[in-house]
1. Amide H to amide H, which residues 5 or more places from C:LEU122 or on other chains are under 5 Å from it, using H placed in the peptide plane?
2. Name the residues whose placed amide hydrogens come within less than 5 Å of the amide hydrogen of C:GLY159, ignoring near sequence neighbours (fewer than 5 apart) on the same chain.
3. Set the Förster radius R0 to 22 Å, insert the Cβ-Cβ distance between B:PHE10 and D:GLU91 as r into 1/(1 + (r/R0)^6), and round the FRET efficiency to 0.05.
4. Can you give me the relative contact order of region C:249-336 as a percent, contacts being Cα pairs under 8 Å and 6 or more apart?
5. Please state the relative contact order of chain D as a whole percent: Cα pairs under 8 Å, 6+ residues apart?
6. Could you give the length gained by full extension between A:THR2 and A:GLU39, i.e. 0.36 nm per residue of separation minus their alpha carbon distance, to one decimal place?
7. With each pseudo-label sitting 7 Å past Cα toward Cβ, what's the C:ASN344-B:ASP96 distance in nm, one decimal?
8. State, to one decimal in nm, how far the label point of C:LYS182 lies from the label point of D:HIS158, with both points 7 Å from Cα in the Cβ direction.
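Each value in this text was obtained by applying a stated rule to the coordinates, not by laboratory testing. Just so it is clear, the structure is predicted and the values come from calculations on it, not from any experiment. All Cβ positions, glycine included, derive from the backbone under ideal geometry; neighbour counts span all protein chains shown.
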Amino acid sequence: MTREELVAYIGSHFEGKLTEMETGKFDPWFEVKAEDLVEVCQKLHDDENLKFDFLCDLAGNDTRERFEVSYKLVSLTLKHRLDLRVALDYEGAEIESVQHIWAGANWHEREVWELYGINIKNHDNLTRFLLHDEWDEGFPMRKDWDGKDFVRLPEI
Amino acid sequence: MGVIKKVPYFLEKFPGGGLLATNLEGILSHAQASSMWYLLFGTACCAIELMCTGASRYDFDRFGMIFRPTPRQADLIIAAGTITKKMAPRLRRLYDQMSEPRYVIAMGGCTIKGGPFYYDSYAVEKGIEHIVPVDVYIPGCPPRPESLLEGCLTLQKKIKSQKLTDWHEK
Amino acid sequence: MALRTEEFQVNMGPHHPATHGVCRMVLTMDGEKVIKIEPVIGYLHRAIEKICENRTYPQCLPLMDRFEYVTSMATNQVFSMAAEKLAEIEVPERAEYLRVIMVELNRIASHLIFYGVTAMDLGAYTPFLYGLRERELILDLFEETCGQRLTYNYIRIGGVSKDILPGFDKKAHAALDTIEQKLEDYEGLLNENPIWLVRTKGVGVLPAEVAIQYGVSGPSLRASGVDYDIRRDDPYSVYHKFDWEVPTRQNGDTFDRYIQRLDEIRVSIKILRQAIDGLPEGDIKAKVKPKFKPKEGEVYNRIESARGEMGCHLVSDGTVKPVRVKLRGSSYNNLQAIPAFATNCMIADLVAIFATMDIILPECDR
Amino acid sequence: MIIAAGELYPIFEWAKELLTGLGLPEVWQHLIIYGALAAILFGTLSVFALFLVWWERKIAAHIQQRFGPMRVGWHGWYQTIMDAVKLLQKEDIRVAIRDKAVFFWAPVLCFVAAFLAYVVMPFGEGLIVADLNIGILYIMAVTTFTVIALLMAGWGSHNKYALLGGMRSAAQVVSYEVPMAVSLLAIVVFTGSLSMQDIVNSQSGYIWNWFIFKVPFGPIAFITYTIAAVAEANRVPFDIPEAESELVAGYNVEYSGMKFAMFFLAEFINLFTVSAIATTVFFGGWNGPLLPSWVWFLLKTFGIVLLMMLFRWTYPRLRVDQLMKFAWKFLVPVTFANLILAGIIKYYGWYW
C-alpha cells in the first residue's frame, strides 16, 4: 500500500481514533488516545489489509509539557510503515502494555518505565535492568532531572 | 605469594647470598614480565582493539601474552572499554579474584577519566582508579593496537624494575 | 529408587568469554540442559541518549560511534540521515556513494568478526584469527580515509568528512578480491567440517513467527525465511541504483544464520564493486551551517546495519540541541528473543545461538 | 634388574657395580637405581612437556599466520620456562568454601598419574623401567587416574563451572576408555602378549612389519585409537571439560599458580603418553635403522603429537551429548568389529 492509500484506509476504518499529524513527512504519523491504544494496536496487527506484524521501536519522550510514547510499526509482508504516538499527561502517566500483540515490546516498555517513570499496565516484568542496582535518583530521561553526575553543557 | 618468593630472603642470610638473591630477583621479575597472561575482559569499543591486538597482525603472543578466561590464572587485567557503575563492582571482584602479583592496564579514555562520557553521563564510572589500582594508562578512544603494545611494554619495564621489597607492598 | 536431582543456577556473565562483552544470563540448569534463560543487561548502559540531549547535533555524532562500535559507519549514517531529513538537506550524490561504500565495507568487517567469534565460541580458534586478518584489510582502507580504525565519525550531517584518497579504488578492489577468495577458505574450513555441521545444523531453530513477534531483524530474520531488507524495501541512499538481491535461508537454525552472513558478505562485495566503479564526481558535503539547526519536527529513520534494523528517532524543537534521540539497536530485540526459542537447549548450544544471533551489547544498553 | 640390553645398558651396569662395590645390600641398590630412574624420567618428561607447550604455541601461531613467542631467546625458546617460573611466583589462592583435601590433592594426583604410565614405556632398545607382562593393561589402568583427579578438582573447587567440567570429563574419559582399550586389544590379540617390549619386538625388521602396515585391521585400530586418545587427552575437538567459551576454564577454573601449572603440564604429558602408546603399538616403537633407537621413538612420537596438534587448531569442539553418541554408537561397535576381524585374521593367518 502506498502512503496515500494507507492514510485513506486508516482514515476510513478507525472511526477517528487515529488522527494524522503534521510532522509525518516521511512515514505517516498518527496520534492515538491512551485509552484506545491497545484496541487500535490489535486492529492494526490483525487487519488483513494492514498486517502491522513488526514493532520496530517504542520510545518515550519528554517534551517538558507532556510525555509522548511512540510506536513504529512495519508490515513485513505488505511492506508499509506507520508511526503511532500517544500523548500522556505529566502527572500519573500510565499506558497499557502492548506486549501481548508484539512480544518484542517487552523490553522497550520496561525501558520507558525505568527511564521515564511512565507506568505500564499489564506488563509481566517491570523490573529495573538498565540502571545500576543502587540507583535512587529518579527517572534520568526526564527533562527536569538533575543528577549529581550530570553537568548541563552551556547553551550555544 | 608463591613459595619461591621466600627464597631470596632465605638466601640473604648467608655470606654471598645477596649476590645470588639479586640475580634471582632479576630472573623472577624477567619471568613475570615475559609471561603476562591477560584476562579476557572487554566491555566496549576497546575490546575490539584488544581482540585485534591478539590477532595475527599485531600478535600479543610474541611477548608471551596469552589470554586466560578465568581471573585466577591471569596476571594482568586490561580494562578495555567503558566501566559503568553497574559494572564497577564486577571489575573489583574480578581484580580481587586474581592472584598476586597482579597488574592493571587502563585502556582507553573511558577507563582513565570517563572519556566522552565524562561530563554528563549518570551511569559511567569516571575513571577506574577509584575501583582498582592502575599501573599503566593508555590514552586513546580506542587506543590503536600499537599503543596497547607500547603500554604492555611499559608495564614490562615497570615489572622488571621491581625490587624484592616492592613485592610486599604490591 | 529414584535419585533426587536438583536444578541449579549458573550465572553466565557479565564477564564470560562467550557473552561478547558484558551480557549476563542467569541460567537455570538441569545438568547440561538450560531450562530457563534470563538475560540481564545494562552493564554497558552509558546514557548515550541522555547525553545526546545535552549536546548539539554534530557533537552527537562521535557518541554514535560508541553506540555500536562494530559498525560505526552505520550508526553515523542513521543519525546523519535523521538530522538531514529534519533539516531537509539534500546530500550530494558522491557523498551518498561514499556512504554506501563505507557502510558496506563496515558490514563486511562486522560479518568477519561474527565469523571469527562464532567459530571461537564453538571451539575453533583459528577461524577467529583468519576473520580478523581479513578485517585488517578493510580497516586499512578506513584508516587512510578517515584516520581511525574503529570509531570513524566519517559520515557527517550533510555528507562525509573527507574525500577518499587517489588510489582508493585499486586498494579497495584488491581487498575485496582477497576477501572473496578467502571466503572460500572459510567455507572450506567450516562448512564441510562434520563437527561444525553437527554442532550447528538443526540447533536453535528460530521460527519465523517467533522472530517477527519479537522484532528480530537483519540476517537472523532472513535466515528464518522472512524476506525483508530495509535497503530494498524502504530504499534509502543510493541502493536502488545497484544490481543486487537479498539472500534468504529457510531453516532458521544456527547454521543458516551463520551461512546467511557469509552470503551477505558476497552481496556487499557485489554492491561495493558497482559503487566503487560508478563513483560520480562532485561535492562530498552539502552546505551545512556550522550552527546546525533543523526544523521543528519528529522523524524515525531506519537503515539496515550489519545486525539488522537500526533506527534513530529524532525529535527537534528547532534549537541546536535535539529534544530526544532514541536509538534502536537490533541486538536489543534479538537478545530479547533468545529465551523464547533457546530454552531447553544444552549450554553449548546456547553459546552457539548467542554467537549466531550476533549480539553486540552496547546496542542493547546504549 | 629388569633393564635389558640397550644403549644405556653399560651405564646401569657400571652403576650397579659401583653400588655393589660400596657393599650396599641389594634392596638399597634397587632403591637407589629406581630412584635415579624416576628422577631421570621425571626430568626428561618435564622437559618434554615444557617443549610441547612451546611447540604447540609455535605451531598454532604459524597456522594462524602469526609468530608466536619471539622475545625470550631464539624464537622464544624458553618461553614456557619463563611461564613456569612466573607460575611458581603466583599466589596460591585457596577458595574459602572448598573441600580442602580434595582441592589440594587433585592437581597432585593429576600430575603423578600422568607420569605413572612411563614405568612400562619402552623409550628405546632396552630403555624400559619395568617390562611388566601386563604392560598395556597397566597403562590403561593408570591413565584413568587423571579422570579421578579432574573430578576431584571439579568437586573440590566449589564452583559450578568447575563441577560441570569435572562431570563432563568423567563422562568423556570413561566413555572413550572403552574404544581405546578395545582398539589396542586388537593388536594384543595378534601379538598374544600384553608386554610393551614384546609388542615392539614383534614389529622389528622392516617397515611393513609395523602393525599399521602389517595387518589389515591395523589402520582401523590406529584411527579409532587416535580419536579415543585425543578425547583421553582432553584436547580439541574433545576439550569439553575445559571448554573456554562455555565453562570459562572448566575444572581448573579456581586453580592458580603452581596448581594450575600441574594441570597444564599433566595435560601435555598425557598428550605425549597417548602418542607414545600409539608409536609403540602401531608404529614399531623404537625400531628403525641407523639412528639410535630412542631417537626413532621420539621422532615417531613427536610426529603423532604434531598430528594431534593439527587437529586442535583446525576443529571446532563437539557438544557433550554428541561426544557420547559418537563414542558409544560409532567407536565402540567399530572397535569391537575390528577386534573380531583381528581374531579371524590371526586364526587363519591372513597376513605377511
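1. HN-HN under 5 Å from C:LEU122: empty list.
2. C:ALA286
3. Numbers: r = 19 Å, r/R0 = 0.85.
For R0 = 22 Å, the calculated efficiency reads 0.75.
4. 18 percent
5. Numbers: 511 pairs, mean separation 77.8, N = 352.
This gives 22 percent for chain D.
6. Between A:THR2 and A:GLU39, full extension yields 10.9 nm more.
7. 4.0 nm
8. With each label point 7 Å from Cα toward Cβ, the separation is 4.8 nm.
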